[in-house]
Amino acid sequence: MASAVQELIREGYVSEIGPGVSSGGRKPILLRFNPDNHYLFAVAVTNSVMMLSQMNLGAHILRKETHPITGVQGNAVMEVLKDKLDRFIGTHADLSRCVGISVTVPGIVDHAEGVVHYNTKLRMANVPVKRILEERYGVKAWVENDMNSVVLAERRFGSYAHANQIYISIGDGLGSGILINDAILRGSRGGAGEFGHTSVNRSGIRCECGNVGCLDSYISWSAVYSRIITAIATGRPTLIHELSGGEYARIVPSVYKEALLKGDRLALDINEEVAETLGAGIVNLINMFNPEALILGGEMAIGNPILLDKVREYIGKHAIRTLEEDMVFGLASLEQDDKLIGAASVLLQDIFVFPLADG
């Protein structure tokens, strides 16, 4: 143990801060963790943006960049990632203090092999992200599903320190991360938690995944946006049209939520439909997994207390009473940097804590 501590001191991960109080015998030497002596690179890829950051070992962001990638698909995603990382790392060519690069991507991800097996919107299939990055930069790389990383971040750095919890994100896609007895539920090929691709209408809309009636097709931002555009095109009055200056391109989640909070009838009607459909899906999760906490995140949920209240009401009516009555239900606590903190959490968990078991 003493040699291991000395190694940590030599590497700069910890430092001595003086003697402690003795309970008999020699006084112990107190140690302090040095989060700023080393750093990591965290990359969060979504279906519409790519975020890059340099962070210390306490998951504190030192600098970051965000790049739109709407329309980027297939092999082009990795080309953009390598180009942006090259530029971002460029001023830090000496990687001796870098403990690694952690990348999160939506979709089916093999965490152990570092392979993105499948993403419907980015059209990524069997991409060996870990191998590509390790060969290019000469440092260790981690690759994880974005929702798995965020539920871990909420556990380690957020307000939800529960060993059994589910994180659901509603944005340009719909996904979930699940912790069971402090273990990330990944499934045999990394596909557990594809909440957005659970069917809610067997005669419904054809989804990009090949199924029909997927939850994603009814409550993701793209589904809500389509409903707003259709309503405006058919002449339905709405504050959303006014707040966006009459430009469809300026209708974004923040505009929708602003109209909702101002009592716009169209926004309220859509929010009601989203809450009922989402609530039905969440009740299934509660009845199946019995979580201690269930967290809502993503652009559609953050800053939308009306959605939270409506879903809570639905859960209270339809979930098994014994499973939902003590469950903590709330909005995500890490806000806009949740995916970057999530990416960092995957790496930090692996280095500093006994690895979470695979589900």
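Taking only protein heavy atoms into account and a 1.4 Å probe, give the accessible area per residue of the chain in Å².
Working: 16570 Å² over 359 residues.
Roughly 46 Å² per residue, with all protein chains present.
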| request: Go through 229-239, 322-332 and give me the packing order, highest mean Cβ count within 10 Å leading. | output: 322-332, 229-239
| task | Using amide H atoms built 1.01 Å from N in the peptide plane, name the residues 5+ places from Asp182, or on other chains, whose amide H lies under 5 Å from its own. | result | Asn164
| query | Using alpha carbon coordinates only, what is the Rg to Rh ratio of the chain, with Rh defined as the Kirkwood radius? | reply | 1.02
| request: Give a residue-ordered list of calculated ³J(HN,Hα) values for the range 300-316 (Karplus: 6.51 cos²θ - 1.76 cosθ + 1.60, θ = phi - 60°; whole Hz; x for Gly, Pro). | output: 6, 9, 4, x, 10, x, 5, 4, 4, 5, 5, 5, 4, 4, 5, 4, x
| request: With no solvent and one equal point scatterer per Cα, compute the Debye intensity ratio I(q)/I(0) for the range 199-257 at 0.19 Å⁻¹ and report its log10, rounded to two decimals. | output: -0.71
| said: When a/c reaches 1.5 or more, the comparison of a/b and b/c decides; with that in mind, is the range 80-170 rounded, prolate or oblate per its Cα gyration tensor? | reply: oblate
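Between rounded, prolate and oblate, where does the range 154-251 land on the alpha carbon gyration tensor, with a ≥ b ≥ c its root eigenvalues, rounded for a/c under 1.5, else prolate if a/b exceeds b/c? If you can, show how the numbers build up before the last one.
On the way: a/c = 3.67, a/b = 1.72, b/c = 2.14.
Verdict is oblate for the range 154-251.
Ignoring ligands, DNA and RNA, what percent of the accessible area of the chain is carbon or sulfur (1.4 Å)?
Values: 8580 of 16570 Å².
Within the chain, the accessible surface is 52 percent carbon and sulfur.
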| field | Gly100 long-range amide H proximity, modeled H, under 5 Å | value | Phe41
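Evaluate the relative contact order of the chain (contact order divided by residue number), counting alpha-carbon pairs under 8 angstrom at least 6 apart; express in whole percent. All intermediate terms of the calculation are to be shown ahead of the outcome.
Values: 662 pairs, mean separation 57.1, N = 359.
Once normalised by length, the contact order is 16 percent.
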| note | Under the Karplus relation with 6.51, -1.76 and 1.60 and θ = phi - 60°, whole-Hz ³J(HN,Hα) for the range 73-87, x at Gly and Pro, equal 9, x, 4, 5, 4, 5, 5, 5, 4, 5, 4, 5, 5, 4, 5
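The values are calculated or read from the model by the stated rules, or taken from the named source; none is laboratory data. Computed from a predicted structure; not experimentally measured. Here Cβ is always computed from backbone atoms with ideal geometry, including for glycine, and neighbour counts include all displayed protein chains. What goes into the accessible areas is simple: the full protein's heavy atoms, side chains included, and nothing from ligands, DNA or RNA. Shrake-Rupley method; radii C 1.70, N 1.55, O 1.52, S 1.80 Å.
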